[in-house]
Amino acid sequence: MLKLTCSFFAALLFSVFQSNVLAAETVMVVMHTNAGDITLELYPQAAPVTVANFLKYVDAHSYDNRASFYRTVRMDNQAQNTVKIEVIQGGRGVQESNLSFAPIAHESTQASGILHKDGVISMARLQPGSATSEFFISINNQPGLDFGGQRNPDGQGFASFGKVVHGMDIVRQIQSMSTDLPEGQELEYTSGQMLIEPVVIQQISRVQTNN
């Protein structure tokens with residue numbers, strides 16, 4: 001009984017912590033895409049390094065007409081992946097990686113308190129500390145992407161830093177778009193997940209608020 005009581009209060013305290021984190025100062029940005037607009041709020045107090053990195057690309061106009069949503073992961077196109085997730089991935093792409101800013105330190109969900117719930121934006125990466133310009137948006141809750149989750153074998157999860165506040169209909173529309181057909185018997189990690197027609201990110205800009 002004592003163990004259950006302690007677990008309950010630990011979960012309650014974390015919930016309060018997360019609520020306070022997300023209620024702190026936010027930065028609003030809007031992604032203008034050729035599929036529609038997506039508005040996000042970012043949490044610089046919870047994830048200062050990750051938010052500063054993303055805004056560096058935004059303020060330098062590095063995403064404007066140079067980025068796209070190019071990958072969508074659904075339940076019907078990830079037979080090769082043991083841990084299933086639902087996301088859309090975007091950014092400047094692998095070909096632009098040599099023009100990116102330096103990789104940033106990894107801010108896990110254990111540190112930030114921003115779990116991968118429906119609409120949360122997070123940084124794509126390989127090893128911890130390798131994230132640069134690529135990001136993804138979760139569709140539905142994705143605990144496998146949090147610290148301790150199994151999507152990435154290192155267990156460090158991915159660095160979330162904000163969430164969609166308007167435009168989840170656009171996100172879901174992008175997720176449902178047609179993807180490439182896998183070839184051969186051996187499926188690569190992203191086989192069947194690359195959009196046939198990537199969605200162009202025409203601009204990402206800050207939104208002025210009255211805060």
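Any idea how many residues of segment 121-144 are closer than 20 Å to N53 by Cα and within 14 Å of the chain's Cα centre (by Cα)?
Taking segment 121-144 as the starting set, the residues that turn out to be closer than 20 Å to N53 by Cα are 121-138.
Pick out the ones that are also within 14 Å of the chain's Cα centre (by Cα) and you get 121-126, 131-138.
Number of matching residues: 14.
Restricted to segment 116-138, and to residues there that are hydrophobic (A, V, I, L, M, F, W, C) and closer than 18 Å to Y189 by Cβ, the residue that is surrounded by the most Cβ atoms within 10 Å (Cβ to Cβ) is F135. Somewhere in segment 101-108, is a residue at pLDDT below 95 and among the charged types (D, E, K, R)? Looking through segment 101-108, none of the residues is at pLDDT below 95 and among the charged types (D, E, K, R). None of G155, G149 is within 19 Å of Y189 (Cβ to Cβ) and either in a helix (DSSP H, G or I) or touching a residue at least 40 places away in the same chain (Cβ under 8 Å) (or both) except G149. All conditions in (1) out of contact with any strand residue (DSSP E or B) (no Cβ under 7 Å at 6 or more places or on another chain); (2) loosely packed, with under 14 Cβ neighbours inside 10 Å; (3) under 21 Å from M75 (Cβ atoms); (4) not β-branched (V, I, T) hold for N141, with the sole exception of (2). The set of residues from segment 45-64 being touching a strand residue (DSSP E or B) at 6+ places or on another chain (Cβ under 6 Å), in a loop (DSSP other than H, G, I, E, B) and either of a type in the set (S, T, Y) or farther than 19 Å from A124 by Cβ (or both) comprises Y63, D64. Please find, within segment 56-109, the residue that is surrounded by the most Cβ atoms within 10 Å (Cβ to Cβ) out of those that are more than 16 Å from I201 (Cα to Cα) and hydroxyl-bearing (S, T, Y). So the residue we want is T109.
Going through (1) under 22 Å from T179 (Cα atoms); (2) of a type in the set (V, I, T); (3) modelled with pLDDT under 90 one by one, T33 falls short only on (3). Here the condition is being at pLDDT 95 or above and under 26 Å from Q110 (Cβ atoms); of I174, I137, I170, I196, it holds for I137 alone.
Can you confirm whether segment 78-85 contains a residue that is assigned to a helix (DSSP H, G or I), among the β-branched types (V, I, T) and over 21 Å from K163 (Cα atoms)? No, that holds for no residue. Listed by first and then second residue, the pairs with beta-carbon distance under 8 Å, at least 6 apart or on different chains, first residue in segment 115-127 and within 18 Å of I170 (Cα to Cα) and at pLDDT 95 or above, second among the basic types (K, R) and assigned to a strand (DSSP E or B), are K117/K163; G119/K163; V120/K163; I121/K163.
All conditions but one from (1) in contact (Cβ under 8 Å) with a residue 12 or more places away in the chain; (2) out of contact with any Asp or Glu (no Cβ under 7 Å at 6 or more places or on another chain); (3) over 18 Å from G91 (Cβ atoms) apply to V165; the one that does not is (2).
Here I114, I174, I104 are screened, and the one residue that is assigned to a helix (DSSP H, G or I) and of a type in the set (A, V, I, L, M) is I174. Of all the residues in segment 152-162, those that are surrounded by fewer than 24 Cβ atoms within 10 Å (Cβ to Cβ) and within 15 Å of I137 (Cα to Cα) number 0.
The values are calculated or read from the model by the stated rules, or taken from the named source; none is laboratory data. Predicted, not measured: the structure shown is a model, and the values here were computed from it. Counting neighbours? That spans all protein chains shown, and the Cβs are built from the backbone with ideal geometry, glycine included.
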